[in-house]
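Have a look at the structure below before the remarks.
The values are calculated or read from the model by the stated rules, or taken from the named source; none is laboratory data. This is a predicted model, so every value here is computed, not measured. Reconstructed Cβ throughout: ideal geometry from the backbone, glycine too, with neighbour counts over all protein chains shown.
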Amino acid sequence: MSIRKELTAQNVLLGFQHVLVSNVWLDPVFVAGAIGLPIALSSNMINAIFIVSGLVTLVQATRLGRLPVVQGPSAAFDALMIAAGTAGMLGAASSSILIASLVFLLLCLTGVIERMRFLFSPMISGVVIFMVGVSLSGFTLSEFLGGAPGDKTVADPHILTVSILTTAIVLVLSLLGKGLLKSFSFLIALVVGTVVAAAFGMVDFSPVASKGWLGLPTFLPYGPFTFDWKIFIPFFIAYMVAVMEALGVYQAASEIQGTSLERKQVRYGLAGEAAGSAISSLIGGFTTTAYPQNVGLLNLTGEGKLRTRTPVIIAAVLLLILGFVPKAGALLSVIPSAVVGGIFLPAAASLIVTGLRALRKVADDERRQTVIGMSLLLGIALPKALSGLTGGASVFFGNNIMVGVFSAIILNALFVALPDLVAKHRAPASVDVPAADPADGTGAAAYDER
């Protein structure tokens, strides 16, 4: 692939669209605000996230996984980072991320991840992709509606006007539009939605003024590393969530492009994410993972059919630039939540459809279809039913992806793989039987009767 030949104005705009849709800045802004970090540490966290996201996206797209996926901070760590930060233990949080990253990096480099063949079956991959879409939709609807029931802003007429308009533009242009209108459906919707939101007074530019033009992340900004088992275990489980989410994104990207996902792509891709997460922990960021909303964009805009990684490579370069220019990064953070919800909703729906498409490849027998149904049901319903749990249990059982995937793995082993293995060992040895002779009732017909 020649980047110079593909460095067109259209691809640059597609790359910019990827940056806007990724919302890489959303998690660090939310986490820093919830903790109440001083402006210096807050800016450092955001800069670190931008730089690592751009670096890992660039290396992934060009050298490792070689898939058109954008990297960014994993939302699985938001609550854990906030809890650690409010307790004054961000140093322990960073050390937990570093250790977890190195463990998974070792698993990738030794080929252990590559040997886990069950993760590549249509059943498991379909459940993973579907649940990634469901997980994204939970966050999306909160942004789309203006909050959760009980919040003052929920179902606010201005918020609903902006979110519904944004989603409508994405759907009309991506499903009915052609050419550039289809390709830039998300970018057009985002610009129009933001302009309308600004007219309603929903855009605040004050964060931009407080940011500098140039900035570099600080090494170990939260002080020296410390280790605490109570911090490490939930973070390690959260890293497993990020790995499962990344696997689903890889598989979805391959499905949309019409290519088969090779095991070495998963191995190299997860290794790149682990290395990036380790670097991020050293400069004040947190774990990086593949972003599902950008894969949804590939499907709806038709970009995935082109089988090009150039727009994503351009997006990576833009993310790196934003990491070293805090004021530019802050400008993106003024995009209203209603607009974010409006563009994420079709992306989440696209992932759910991609997951269902993968599940159609599973054999249509009662055992396998029941396992799929149970896995999806538990993945959707169980996290809400067990929302009162705390600690590591809450990280595991509170995540749709983890519950759905582990349910599929366990149920498939118990009701499909194990019975098939038992039946195979109990099957009688093959017997050569002569052809049936209707005249004397011998041969295969007689043998079958016996």
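In the list LEU261, LEU247, LEU220, which residue meets the criterion of being hydrophobic (A, V, I, L, M, F, W, C) and within 23 Å of LEU320 (Cα to Cα)? Just one listed residue meets the conditions, LEU220.
Conditions tested, residue by residue: (1) under 30 Å from SER394 (Cα atoms); (2) modelled with pLDDT of 85 or more.
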site	(1), (2)
GLN60	no, yes
PRO68	no, yes
ALA76	yes, no
ALA84	yes, yes
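Evaluating ALA40 against the criteria (1) among the hydrophobic types (A, V, I, L, M, F, W, C); (2) within 21 Å of PRO224 (Cβ to Cβ); (3) at pLDDT 90 or above leaves one unmet condition, (3). Is there a residue in region 73-86 that is touching a residue at least 40 places away in the same chain (Cβ under 8 Å), outside any helix (DSSP H, G or I) and closer than 30 Å to VAL19 by Cβ? Within region 73-86 (the criterion being touching a residue at least 40 places away in the same chain (Cβ under 8 Å), outside any helix (DSSP H, G or I) and closer than 30 Å to VAL19 by Cβ), the answer is yes, since at least one residue qualifies. The residues of region 142-165 that are touching a Leu at 6+ places or on another chain (Cβ under 8 Å) and in a loop (DSSP other than H, G, I, E, B), listed by number, are GLY146, VAL154, ALA155. One residue stands out in region 288-340 among those that are in a helix (DSSP H, G or I) and polar (S, T, N, Q): the one that is modelled with the highest pLDDT, namely THR310.
Residues in region 126-141 that are surrounded by fewer than 18 Cβ atoms within 10 Å (Cβ to Cβ) and either modelled with pLDDT of 85 or more or outside any helix (DSSP H, G or I) (or both): LEU141 alone. Filter region 192-243 down to the residues that are among the hydroxyl-bearing types (Ser, Thr, Tyr) and part of a helix (DSSP H, G or I) and list them by number. If the condition is that a residue be among the hydroxyl-bearing types (Ser, Thr, Tyr) and part of a helix (DSSP H, G or I), then THR194, SER206, TYR239 are the ones that fit.
Entry remark, region 394-406: residues being buried (at least 21 other Cβ atoms within 10 Å of the Cβ) and part of a helix (DSSP H, G or I) number 7 in total. Filtered by the rule that a residue be of a type in the set (A, V, I, L, M) and surrounded by fewer than 24 Cβ atoms within 10 Å (Cβ to Cβ), region 35-50 gives ILE35, LEU37, ILE39, ALA40, LEU41.
Only a single item in (1) surrounded by fewer than 18 Cβ atoms within 10 Å (Cβ to Cβ); (2) out of contact with any Leu (no Cβ under 8 Å at 6 or more places or on another chain); (3) not in a loop (DSSP other than H, G, I, E, B) is not met by MET374, and it is number (2).
So which residues in region 1-19 are modelled with pLDDT under 80 and assigned to a helix (DSSP H, G or I), if there are any at all? Passing the criteria: ILE3, ARG4, LYS5, GLU6.
For region 363-377, residues that are under 23 Å from the mean Cα position of the chain (by Cα), farther than 27 Å from GLU143 by Cβ and among the aliphatic types (A, V, I, L, M) total 2. Of the candidates ARG357, ARG368, the single residue that is farther than 23 Å from GLY147 by Cβ and either surrounded by fewer than 18 Cβ atoms within 10 Å (Cβ to Cβ) or touching a Gly at 6+ places or on another chain (Cβ under 8 Å) (or both) is ARG357.
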